[in-house]
Amino acid sequence: MHLTLEFGGGLDLLCQSVKIHQVDVAPKDENAKLTMRDLLAWVRSSLIKERPEMFMKGDTVRPGVLVLVNDCDWELCGGIDMELEEKDVVVFISTLHGG
Amino acid sequence: MDNMDCGVDDIVREIEKLKLDKKEIENRIGQLEALLSKKDGDASQMEDNQTSSNFNSMVDGHNTFYNGLTPGMIYRYSRHLLLPDFGVEGQKNLSMSSILVVGAGGLGSPVVLYLASCGVGCLGIVDSDVVELNNLHRQIVHPEAYVGQAKVKSAAATCRAINSSINIVEHNEALQASNALDIINKYDVVVDATDNLPSRYMISDCCVLLDKPLISGAALGLEGQLTVYHHKGGPCYRCLFPIPPPAAACQRCSDSGVLGVVPGVIGCFQALEAIKIASCIGESLSGKLLILDALSSRVRIVKLRGRSLHCVSCGENATLSQQNFRTFDYEGFTQSPMSDKAPPKLSLISNSARISSREYKNLIDNHEPRMLLDVRPAHHFRITAIPEAINIPLSMLADEISLVKSCLKDAEKGSTKGASLYVVCRRGNDSQRAVEFLSKNGFSGAKDIIGGLESWAQDVDPTFPIY
Ligand SMILES: [Zn+2]
């Protein structure tokens, strides 16, 4: 399944300072849908190159990280159990506090 | 209040609050007296010369027309009044509103400039910092002449120079849980233009308790974020972030840098949201987040979750009260300080593995065989460095152990005794982490320079640039 992943608010530093990643992620088995849970596990093992604790806590994102699927907070679309569709755009953004 | 139980702090706080109230009342009396004397002057002039008085009242700016605006306001804000969507109604609402801007820094600068020039009735500014030279590239409200003076004083002076007809209130103190309720209660709308995490939780909680809309902006590096909390049924800060992020995830402008115009853009958006809410026009960013990526000039607006029923601040069974707010430890809750200043000095390694910058200078003067390893990131090293230092960033140290070995060998050449390894960084924290790592990987004699380049500049070489 083709997805566009974007990292912002400093999370890009965890994946070699690349903000936008065009990726193909396969569901666990052919008939199953790809969920956010699967995608997070994939991102952690395939994209995050350092300090994984700055991205995840347990099996979900760490506090202070917003997940946006097609410009919408994932909490409005089922959160970690949300099923992804072909060509979805998933944004991971850490909140900023500076000024 | 039972005076017998009052602590000294409470008494001091109440005195300060009363003084502030007194000042505001005096300001208002002054304004009204000025208005009265103008009106008296106009009245006597009208008797003298019936025909010219109409013109005089048009330019003196104080006689109020039937629409609630004075001729002076009509002229000054005419371009607002010409907007069908804003007009007389919008300007009147704006001139009757009071807005508090928390933080007179990179975000707050454009916010207070626009709010002053556009004619809000009362503009409050709260900050306890002083203006520093390295603020000026982004904190555009402060003139060079105010370096070393209170930011609030500087910002208020600039705003008064732009618009003398509005009421500007200076709160030259840090906004804290102990004084936030009293200060914020005086205003209709609050703008969070602070630079740290505990302040963001504290201001959001206070706005929920007092039922004030909150316009929250943030900027760092080349990115910015903006939303409106607790407005028209939308979420508060805690609805989105019930658990604070780990302290290590909280980057500071003083560590990570910030392109000056980025908080400027976000601050302008904050001013826009504040003006819309105060004048009751348009649709705010409540329930939406604006994300700015300056490098690609992209602005993305995303839909956020709604108000959480379980929110401890604004939910159905909220536990937050004015009583427990005043004593809540926001710095402890977030494990972060209420400022953008340098992180605390760590003490990771024993004193025997550390030397002062003066002691290191003695080693140089005595030509002791040595190697100086600078573990700052490469872009820091390019800003300034001690000439003999070799740069291997901390993050790459594990892969470059053999390089350290060969450099140390080179340093021993022409000497009868072995060379010693010294480690330096900006402030003396990363250098300890490096020594900790090196001592476990074959460099048991490695030592770090206490206080890093900051202490070098302070104690050894006053001409050494600090950043
Ligand atoms: Zn809430």
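The values are calculated or read from the model by the stated rules, or taken from the named source; none is laboratory data. What you are looking at is a predicted structure, and each value in this text was computed from that prediction instead of being measured. Backbone-built Cβ (ideal geometry, glycine too); neighbour counts: all protein chains shown. We work out accessible area using only protein heavy atoms, side chains counted, and drop any ligands, DNA or RNA first. Shrake-Rupley method; radii C 1.70, N 1.55, O 1.52, S 1.80 Å.
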(request) Could you list which residues have their amide H under 5 Å from that of B:Ser420, counting only those 5 or more apart in sequence or on another chain, with H placed in the peptide plane? (result) B:Arg370, B:Met371
(message) Give me the three principal axis extents of the range B:322-437 from the C-alpha atoms, as integers in angstrom, largest value leading.
(response) 71, 28, 25
(message) Under a Cβ-only charge scheme (Lys and Arg +1, Asp and Glu -1), can you give me the dipole magnitude of the range B:141-193 about the Cα centre, in debye to the nearest 20?
(response) 160
(request) In Å and from the alpha-carbon atoms only, list the Rg and Dmax of the range B:97-334. (result) 16.7, 51
(request) Write out the GluC sites (Glu not before Pro) in the range A:15-73 meeting two conditions: DSSP loop, and at most 13 other Cβ atoms within 10 Å of their Cβ. (result) A:Glu30, A:Glu50
(request) Calculate, axis by axis, the spread of Cα positions in chain B along the three principal axes, and write the results as whole Å, longest axis first. (result) 104, 57, 54
(message) If Rh is defined by the Kirkwood formula over all Cα pairs and Rg also comes from Cα, what ratio Rg/Rh do you get for the protein assembly as shown?
(response) 1.05
(request) Quote the total accessible area buried by chains A and B together, excluding ligands, DNA and RNA, probe 1.4 Å, nearest 100 Å². (result) 2700
(message) Quick check on the range B:212-326: what does the Kirkwood estimate of hydrodynamic radius come out to from the alpha carbon pairs, in Å?
(response) 15.5
(request) Take the alpha-carbon positions of the range B:260-403, form their convex hull, and give its projected area averaged over all directions (one quarter of the hull surface) in nm². (result) 16.6
(message) What number comes out for accessible area per residue over the range A:2-94 if the probe is 1.4 Å? Units Å², please.
(response) 47
(message) Using only DSSP helix segments of four residues or longer, with each worth -39500 (n - 2.57), what per-residue ellipticity at 222 nm results for the protein assembly as shown after dividing by its residue count and rounding to 500?
(response) -10000 deg cm²/dmol
(request) Please compute the net charge surrounding A:Arg44, taking Lys and Arg as +1 and Asp and Glu as -1 over other residues with Cβ under 13 Å from its Cβ. (result) +1
(message) Given all pairs of different Cα atoms, what value in angstroms does the Kirkwood hydrodynamic radius of the range B:102-172 take?
(response) 11.6
(message) Less than 13 Å Cβ to Cβ from B:Val258, Lys/Arg counted +1 and Asp/Glu -1: what total charge do the surrounding residues give?
(response) -2
(message) Can you give the log10 of the normalised intensity I(q)/I(0) at q = 0.16 Å⁻¹, computed with Debye over equal Cα scatterers of the range B:392-467?
(response) -0.65
(request) Evaluate the charge dipole of the range B:367-452 about its Cα centre and quote only its size in Debye, nearest 20, assuming +1 on the Cβ of each Lys and Arg and -1 on the Cβ of each Asp and Glu. (result) 80
(request) Using only protein heavy atoms and a 1.4 Å probe, report how much of A:Val18 is accessible, in Å² to the nearest 10. (result) 60
(request) Return the Rg/Rh value of chain A, two decimal places, where both radii are evaluated on C-alpha atoms and Rh is the Kirkwood radius. (result) 0.94
(request) Run the quick spin-label model on A:Arg51 and A:Met1: label points 7 Å from Cα toward the beta carbon, then report their separation in nm to one decimal. (result) 3.0
(message) In the range A:77-99, what residues drop by 50 Å² or more of accessible area when the other protein chains are put back, versus the chain on its own? Use 1.4 Å, and skip ligands and nucleic acids.
(response) A:Ile93, A:Leu96, A:His97, A:Gly98, A:Gly99
(message) My understanding is that a pair violates if its Cα-Cα distance is over 20 Å; which of B:Lys23/B:Lys153; A:Lys33/B:Lys288; B:Lys212/B:Lys232 do that in this structure?
(response) A:Lys33/B:Lys288
(request) Go through the range B:322-338 residue by residue and turn each phi into a ³J(HN,Hα) via Karplus (6.51, -1.76, 1.60, θ = phi - 60°); whole Hz please, and just put x for glycine and proline. (result) 4, 5, 7, 4, 4, 10, 5, 8, 5, 5, x, 4, 9, 6, 9, x, 7
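Give the value in nm², to one decimal: projected area of the alpha carbon convex hull of the range B:55-211, averaged over all directions.
The directionally averaged projection comes out at 10.5 nm².
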(request) Taking the Cα centre of chain B as origin, work out the dipole magnitude from +1 charges on Lys and Arg Cβ and -1 charges on Asp and Glu Cβ, in debye rounded to 20. (result) 1280
(message) Exposed loop sites here are trypsin sites (Lys or Arg not before Pro) in DSSP loop states with at most 10 other C-beta atoms within 10 Å. What is the longest stretch of chain B lacking them?
(response) B:1-381
(message) What does the net charge come to around B:Ser350 if you take all other residues with beta carbon closer than 13 Å to its beta carbon, with K and R at +1 and D and E at -1?
(response) 0
(message) In whole Hz and in residue order, list the ³J(HN,Hα) couplings for the range B:365-382 that follow from phi through the Karplus curve 6.51 cos²θ - 1.76 cosθ + 1.60, θ = phi - 60°; x for Gly and Pro.
(response) 4, 8, 6, 5, x, 7, 10, 9, 9, 9, 9, 6, x, 4, 6, 6, 4, 6
(request) Note down the accessible area of A:Trp42, probe 1.4 Å, to the nearest 10 Å². (result) 70
(request) Report, by chain and number, residues whose modeled amide H sits under 5 Å from the one on B:Val258, excluding near sequence neighbours (fewer than 5 apart, same chain). (result) B:Gly221
(message) If I take R0 = 30 Å and measure r between the Cβ atoms of B:Lys345 and B:Leu222 in this structure, what FRET efficiency does the formula 1/(1 + (r/R0)^6) give, to the nearest 0.05?
(response) 0.55
(request) Grab the beta carbon distance between B:Phe464 and B:Asn441, set R0 = 35 Å, and tell me the FRET efficiency rounded to 0.05. (result) 0.70
(request) Report the longest stretch of chain B that contains none of the GluC sites (Glu not before Pro) sitting in a DSSP loop with at most 16 other Cβ atoms within 10 Å. (result) B:1-131
(request) Leaving ligands, DNA and RNA out of it, rank B:Tyr77, B:Tyr66, B:Tyr467 by accessible area with a 1.4 Å probe, largest first. (result) B:Tyr66, B:Tyr467, B:Tyr77
(request) Go ahead and run the numbers for FRET between A:Val89 and B:Ala378, Cβ-Cβ distance against an R0 of 41 Å, rounding to 0.05. (result) 0.80
(message) Need one number: nm distance between label points at B:Arg300 and B:Ala398, each 7 Å from Cα along Cα→Cβ, rounded to one decimal.
(response) 3.0
(message) Leaving out ligands, DNA and RNA, and with a 1.4 Å probe, what % of the accessible surface on chain A is carbon or sulfur?
(response) 48
